Amino acid sequence: MFISKVETPSYVIDEGKLIENLRVLDRVQTEAGCKILLAQKAFSNFAVYPLIGKFLAGTTASGIYEARLGKEEMGKENHVFAPAYKDEDMAELVQICDHIIFNSVAQLMKYKNMCLDNGVEIGLRVNPEMSTQKDHAIYDPCAKGSRLGVTAAKLKEALEADSTVLDGVTGLHFHTLCEQNSDDLETTLSAFEEKFGDSLPQMKWLNMGGGHHISRADYDVDKLISLIKHVKTTYDLQVYLEPGEAIALDAGYFVTEVLDIVDNDIKTLILDGSAACHMPDVLEMPYRPPLMDSGQWGEKPFEYRLSSYTCLAGDIIGDYSFDHEIKVGDRLVFEDMAIYSMVKNNTFNGIPLPSIYLLKADGSLELIKKFGYEDFKNRLS
Ligand SMILES: *Cc1c(COP(=O)(O)O)cnc(C)c1O
């Protein structure tokens, strides 16, 4: 088992699980006839880009650095979407991306000719204004007043002022889901068709964004396939999906060690991992990460609050219970730690960045990255 073989804290990426996820995604590509891109924002471990590139059509980026990484390390289709672009970034993006997606009519008009001159496909992100989730408001691009995507009313207004606005635009893009199933995509898609269907005959492609939890056990893959087929046959469009989570879902662990146990009414384990530094979604989303061999508070006889060796009082990972007493030096393993973890790491409190290991499909373990004091110092002045 890898748990005793790594130093703590360490992330361990599970190649076997990654391949399992990629097979599910590949089935969607094959049966629906669509293309799936890796949204690098969720997972940018380029050591496994050659593997991901064997299955998927390419990468999508949130901006210049991810776009460069996708180009350098996967080298397949390379898309980018950002709420706005800077002139100096655009000069490079038109060289390294084949699809550039704009978030507003103003941004589209500003950079349209530059894209056309460089043979880049132009997309416009639209907002179907159909909220399908209530749990995580900060991840709802359809919330009232959202800055993400052009609304139908704004697009109509722009087209009335200038009927050539969509000339040169070959695709539309929407991204509204977060950890959701295909029934929510169905709801979103019909809102999208109702509001933007008129523009589809002039398009070549539709990108239905990310947030599709395709590799989750209860995900209705067949419904997704039929929705994609519906779009393809009704509008004759190439369909793209750009999930992040679904690619590396459950494909990583975070191994920590118990440094101390403080008992001030609640028994608190002080770990050499941190929610604030190493799993910020625990505080941001918020959620309680799955932990190997543990139960809910009250479920098993030994209960502990899991916390960190940072000075932040609220750096609490969650309350858990165990079958046996936990001792200083024990190792605890968090699960589903590949996504939105390493990409969000920071060195708050001067806490070291965890090492990154790859657990290969053949069972061997490889250290792919080790960080040190210089990584902390280099980001400061
Ligand atoms: C975040 C994001 C994704 C990926 O979302 P997941 O929830 O990780 O699948 C894809 N496209 C856009 C535009 C995004 O903002």
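Tabulated data
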quantity: Whole-percent pair-distance distribution, where bins are 10 Å wide, for the alpha carbons of the chain; calculated: 5, 22, 29, 24, 14, 5, 1, 0
quantity: Cα gyration tensor shape for region 43-148, rounded if a/c is under 1.5, else prolate or oblate; calculated: oblate
quantity: DSSP beta bridge pairing in the chain, given as percent antiparallel to the nearest 5; calculated: 40
quantity: Estimated Rh, region 148-207: Kirkwood, alpha-carbon pairs, angstrom; calculated: 12.7
quantity: Distant-in-sequence amide H partners of Y357 (H built 1.01 Å from N, under 5 Å); calculated: Y11, V12, I13, I368
quantity: Unit charges on C-beta of K, R, D, E only; dipole of the chain, Debye; calculated: 740
quantity: Qualifying trypsin sites (Lys or Arg not before Pro) in region 299-362, DSSP loop, other Cβ atoms within 10 Å at most 16; calculated: K327, K360
quantity: Whole-Hz couplings from phi, Karplus 6.51/-1.76/1.60, listed for region 278-293; x for Gly and Pro; calculated: 10, 8, x, 4, 4, 8, 7, 6, x, 7, 9, x, x, 10, 4, 6
quantity: Residue (of I261, V239, L93) at the positive-pole extreme of the chain, dipole from beta-carbon charges; calculated: L93
quantity: Highest-fluctuation residue, G350, G211, G63 considered, GNM on the chain with Cα pairs under 10 Å; calculated: G350
quantity: Carbon/sulfur fraction of accessible area - the chain, other protein chains in place, 1.4 Å, %; calculated: 50
quantity: Surrounding net charge for D323, when Lys and Arg each add one and Asp and Glu each subtract one, Cβ distance under 11 Å; calculated: -2
quantity: In sequence order, calculated HN-Hα J values of region 361-368 (Karplus, 6.51, -1.76, 1.60; Hz; x Gly/Pro); calculated: 4, 7, x, 7, 10, 10, 6, 9
quantity: Area of C142 that stays accessible when all protein chains are in place (1.4 Å probe, Å², to 10); calculated: 20
quantity: Cross-link partners of K195 among lysines (Cα-Cα below 26 Å; sequence separation of 8 or more within a chain); calculated: K35, K110, K112, K134, K144, K154, K156, K204, K223, K229, K232
quantity: Solvent exposure ordering (accessible area, 1.4 Å, most first) of S4, S182; calculated: S4, S182
quantity: Computed helical MRE - 222 nm, the chain, DSSP H runs ≥ 4 contributing -39500 (n - 2.57), nearest 500; calculated: -9000 deg cm²/dmol
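The values are calculated or read from the model by the stated rules, or taken from the named source; none is laboratory data. On a predicted model such as this, the values are computed, not experimentally measured, just so you know. As a convention, Cβ positions derive from the backbone with ideal geometry for all residues, glycine included, and neighbour counts pool all protein chains shown. Note: areas computed on protein heavy atoms with side chains; ligands, DNA, RNA excluded. Shrake-Rupley method; radii C 1.70, N 1.55, O 1.52, S 1.80 Å.
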